[in-house]
Amino acid sequence: MSVSLRAPRTPAWASRPFLYLLASESTSLAGSAVSTIALAAVAVLELHATTTEVALIAFVGQLPSSFALWAGVLSDRYDKRRQLLGSDLAAAGALLTVPVAAVADLLTIGQLYVVLFLLGSAKVVHDAAAISLLPSVVAPERLQNANSRLGAASSVADSAGSNAGAALVGAVGPAVAILADVASFVVSAVLVSRMRPAQPLVPSDAEQRGLGQGIVEGVRYVLGQPTIRTVIAALSVLSFGLAIMNTYWAFYLLTTIGISPTSLGMIVGVGGVGSLAGALLAPRIAARIGIGPTIIAGFATSPIAQLPLLFAGPGPGWQIALAAALAGQLFWATAAGTSQRSLRQTLCDPRFQGRMQAASTTVTAGGRPLAAATAGALALVLDVPTVLALGALLQIVPVLLLLTSPVRALRTMPAPAVLPHAREGAS
């Protein structure tokens, strides 16, 4: 038995809870893009952070991702909607302290560390709940369509938020600009409060077991699922290789290649268009060539797309090549991303959805600080182009993992491992 990948007669839009989830995610993501720019400007322009302090800010913000498994247990055991509400309000409260402290002339770099750690923790809780909630919001045949729409909305929201953030920082200053993100989290919380999804029942004794036992159960479950564990392993290696390259990607283009900041922004903008197209077309691609080939193509495109970077030189011709390569990479990465997420959600027992997603977050996002440190260590003995090449070569490993796994043979979406108990709120 399998789930058809062709566009369902009733699209994801028909689910009112999904519409609230889509609006909530888009709103908070756009706001977060504003605060990403504004918080960096606060640190550098108002607090005059040193290079070490800037690095520590980045580290503290990523640190909660290394402990995402606990959020997965919470997501599987307790009401996901309340966790979305709580994480939105906690993030809004943490951010609000920045403009308040700035107005009172009490803002310090130490406060920024605390705020970023709280934001990172709220994001971990939010993501575990939101992604694992989706299979309870839409029917299995709509899951690919729903992930596609979420991916497209995220691309637009992130781009719009970044542009708005730059404009707001220039118009009202970085500290005041953060209020836009505070408002976005409040709006997101209001939208979540109106959502009434059907959720699978949790065993009555689950809440009585310890957090550690819940984590162990989740890890054992993921390791016992060949397709899920292979996809997560491939994601973790790909993320590590990309993180090595991203450590010096902009630095290399701005210095060695001599690309201007404006040109770099245009390259990134073209890449964003590719990401949006990949999100929108993912269901059609998967329906035409199969879910497995779509995922493998996305992973295989990544190392190939790095070739223009490794051979690039000065001049507009190379800038066009770099933009085209990035657009192609992000097109297939997003198409594969929505497909592999839908596959994992479909195969995963509803009782382990949160822990499965948290396991993926732990080994992907949690490994990025280590990848950045690895890149820095390699740069001490090798030149930057060689470090970039090693990061690109590492991205071949995930392709080999997928080619030797059950993913290669998948053409249609398999039937859900366990169907949720009810779907009253999904129509």
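Considering every residue within the stretch 382-400, establish whether at least one is more than 27 Å from Leu69 (Cβ to Cβ) and at pLDDT below 85. Within the stretch 382-400 (the criterion being more than 27 Å from Leu69 (Cβ to Cβ) and at pLDDT below 85), the answer is yes, since at least one residue qualifies. Residue selection: Gln353 fails the criterion of being within 16 Å of the chain's Cα centre (by Cα) and of a type outside the set (A, V, I, L, M). Only one residue in Phe352, Phe331 is touching a residue at least 60 places away in the same chain (Cβ under 8 Å) and buried (at least 22 other Cβ atoms within 10 Å of the Cβ). Which one? The match here is Phe352. When you look at Val222, is it under 30 Å from Met266 (Cβ atoms), out of contact with any strand residue (DSSP E or B) (no Cβ under 6 Å at 6 or more places or on another chain), assigned to a helix (DSSP H, G or I) and modelled with pLDDT of 75 or more, yes or no? When the stated conditions are applied, Val222 does not pass them. Listed by position, the helices (runs of 4 or more DSSP H) inside the stretch 260-354 whose residues that are in the same structural domain as Tyr221 (by TED's automatic domain parsing) and in contact with a strand residue (DSSP E or B) (Cβ under 9 Å, 6 or more places away or on another chain) number at least 3 are 316-347.
When the criteria are applied in full, Ile228 meets the requirement of being modelled with pLDDT of 80 or more, touching a Cys at 6+ places or on another chain (Cβ under 7 Å) and assigned by TED's automatic domain parsing to the domain that holds Gln357.
Among the residues making up the stretch 137-153, those that are crowded, with 24+ Cβ neighbours inside 10 Å and small (Gly, Ala, Ser) are Ala146, Ser148. Out of curiosity, is Pro303 more than 22 Å from Ala139 (Cα to Cα), without any contact (Cβ under 8 Å) to a residue 40 or more places away in the chain and not small (Gly, Ala, Ser)? Considered against the rule, which asks whether it is more than 22 Å from Ala139 (Cα to Cα), without any contact (Cβ under 8 Å) to a residue 40 or more places away in the chain and not small (Gly, Ala, Ser), Pro303 comes out as no. When the stretch 300-328 is limited to residues that are under 22 Å from Ala153 (Cα atoms) and under 19 Å from the mean Cα position of the chain (by Cα), the one that is surrounded by the fewest Cβ atoms within 10 Å (Cβ to Cβ) turns out to be Gly328. The residues on offer are Leu39, Leu84, Leu63, and the sole one that is assigned to a helix (DSSP H, G or I), touching a residue at least 60 places away in the same chain (Cβ under 8 Å) and surrounded by fewer than 23 Cβ atoms within 10 Å (Cβ to Cβ) is Leu63. Identify the residue in the stretch 386-412 that is touching a residue at least 60 places away in the same chain (Cβ under 8 Å) and outside any helix (DSSP H, G or I) and, among all such residues, is surrounded by the fewest Cβ atoms within 10 Å (Cβ to Cβ). Looking at residues that are touching a residue at least 60 places away in the same chain (Cβ under 8 Å) and outside any helix (DSSP H, G or I), I get Arg411.
From the residues in the stretch 156-197 that are surrounded by fewer than 22 Cβ atoms within 10 Å (Cβ to Cβ) and of a type in the set (S, T, N, Q), which one is modelled with the highest pLDDT? Here the answer is Ser193.
The values are calculated or read from the model by the stated rules, or taken from the named source; none is laboratory data. Since this is a predicted model, take the numbers as computed values, not measurements. With ideal geometry, Cβ positions are generated from the backbone for all residues, glycine too; neighbour counts draw on all protein chains shown.
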